[in-house]
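Read through the structure below, which is laid out as C-alpha cells, and then see the notes.
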Amino acid sequence: MKKINFLNLGQHPITNNFLSQKNPKNEFFYNLNLVYNPNNKLISLGKFVSPTKMFNEKYAHRASASKTMQVAYRKLAIKLKKKFKPNSILEIGSNDGVFIKHFKNITNVGIEPCKNLAKITNQMKIKTYDKFWTTKLAKKILKDFNQFDIIYSANTISHIHDLKQTFKAIEYLLHDNGVFILEDPSLLKSIKNLSYDQFYDEHAYVFSITALNNITKETGLEIFNIDKFSPGPITYVLKLKKNSKISKFVTNNKNTVAIRFPKHPLLRRLLKVLSYPLAAPSANISSKLSSVQPS
C-alpha cells in the first residue's frame, strides 16, 4: 500500500545550523511533510534531508550543556551497570560523551558522525568512530572489538533513514544474550501532548511500539521491555494470530486481546512474583460477560 500524506507543516530550515550571515540567499529549506505507512504503521517524513547536511563537523548540539541530561544519563548508567553487569557497551550517537563516559572501566565504544563531537570523546580516551551507522561499519567494529553486551542509542535511531540496515547491524554486533536499549520520542506521547516539535528534519521517524515491533521482527531482535510506559497504566489491544492458543473465554470469541500494564504497586509486585501474566475481566457487577461494544 502507498504511504499516506496526512500533515504538511510547510518549508523549514534545518536545525542546529547557525547562520554566518543575516538572511542568506542560499539558505537550505526542506518541506516538513509527514506520511503514514499502512504496511508497518510507521510515521516518517515524506522526504528525508541528506544526513551530511544535518550531521557534520559544525553540529551545534552538546548534550552535556544540559544539567538535566547530565544527571539523567549518570543515573541511567548506574541502573544499567547494576541490572546487566556488562563487560562492553557501544553507543550509537555518543554526542559529547555525556552517557558513554560513565563506562570507562569496561570496553566502551562510541559512534558519532559529527567529527567535532567525535573528537571530544576520542580525547576522553573513548574509542569513537566518526562515521554513520551502517552494516559496513558494524563489520569493522566486530573485527576491532568483537560483540557487545549492551548497544545503546538515545534520540539517534530515529535519525537514521535505512531502518532495516540499522537493526541488522545492531543484531550483528550484539551478543546472543545482549540487549539493545533504544530511547526515542514516543508517537503516542507526541500526539497526547501536542508535541509537534518532535517532527523536524533530524527525526526522520517518530516511533510507536507497533511500528517498532513490525520493523524489528524482520531481524533477530524482539521487544521485551518498555521502560517509559512502566508503571502504566497503559493497555494494548492486539489482534490474535491464526490458531492462537489464547482461550475464547478470555477473548469473548473476538479476534483481539487486550494486554494491560498496571500502575498499582501491589498488582505489579504480584505479577513480578508470579512471572507470568494474569487473565482478568473488567469490573462487572452484572455477572454477565464484559461489554465489548460501545453500546
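Laboratory data are not the source of any read-out in this text; all were calculated from the coordinates shown. Only a predicted model underlies this, so the values are computations on that prediction, with no experimental measurement involved. Note: ideal-geometry Cβ built from the backbone for every residue, glycine included; neighbour counts use all protein chains shown.
Structure above, values below:
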{"quantity": "Anisotropy class of segment 36-88 from Cα gyration tensor, a/c 1.5 cut", "calculated": "oblate"}
{"quantity": "Sequence ranges 77-83, 36-42, ranked by mean other-Cβ count within 10 angstrom, highest first", "calculated": "36-42, 77-83"}
{"quantity": "Full-stretch length increase - Gln11, His161 - with 0.36 nm per residue and alpha-carbon distance subtracted", "calculated": "52.0 nm"}
{"quantity": "Segment 54-177, Rg to Rh (Cα coordinates; Rh as Kirkwood inverse mean 1/r)", "calculated": "0.93"}
{"quantity": "Point-charge dipole on Cβ atoms (K/R +1, D/E -1) for segment 131-200, about Cα centre, debye to 20", "calculated": "260"}
{"quantity": "Ranked by how many other beta carbons lie within 10 Å on average, peptides 150-157, 132-139, 25-32 from highest", "calculated": "150-157, 132-139, 25-32"}
{"quantity": "Percentage relative contact order, segment 104-190, counting C-alpha pairs under 8 Å, at least six apart", "calculated": "26"}
{"quantity": "Sequence of Thr121, Thr219 once ranked by neighbouring C-beta atoms within 10 Å, starting from the fewest", "calculated": "Thr219, Thr121"}
{"quantity": "Exposure proxy ranking, count of Cβ atoms within 10 Å, fewest first, for Leu173, Leu142, Leu221", "calculated": "Leu142, Leu221, Leu173"}
{"quantity": "Two-site FRET efficiency, Asn56 against Asp176, from Cβ-Cβ distance with R₀ of 41 Å, rounded to 0.05", "calculated": "0.70"}
{"quantity": "Inter-probe distance in nm under a simple model that places probes 7 Å from Cα toward Cβ, at Thr210 and Asn116", "calculated": "4.1"}
{"quantity": "C-alpha center-to-center spacing [segment 141-218, segment 40-67] in angstrom", "calculated": "13"}
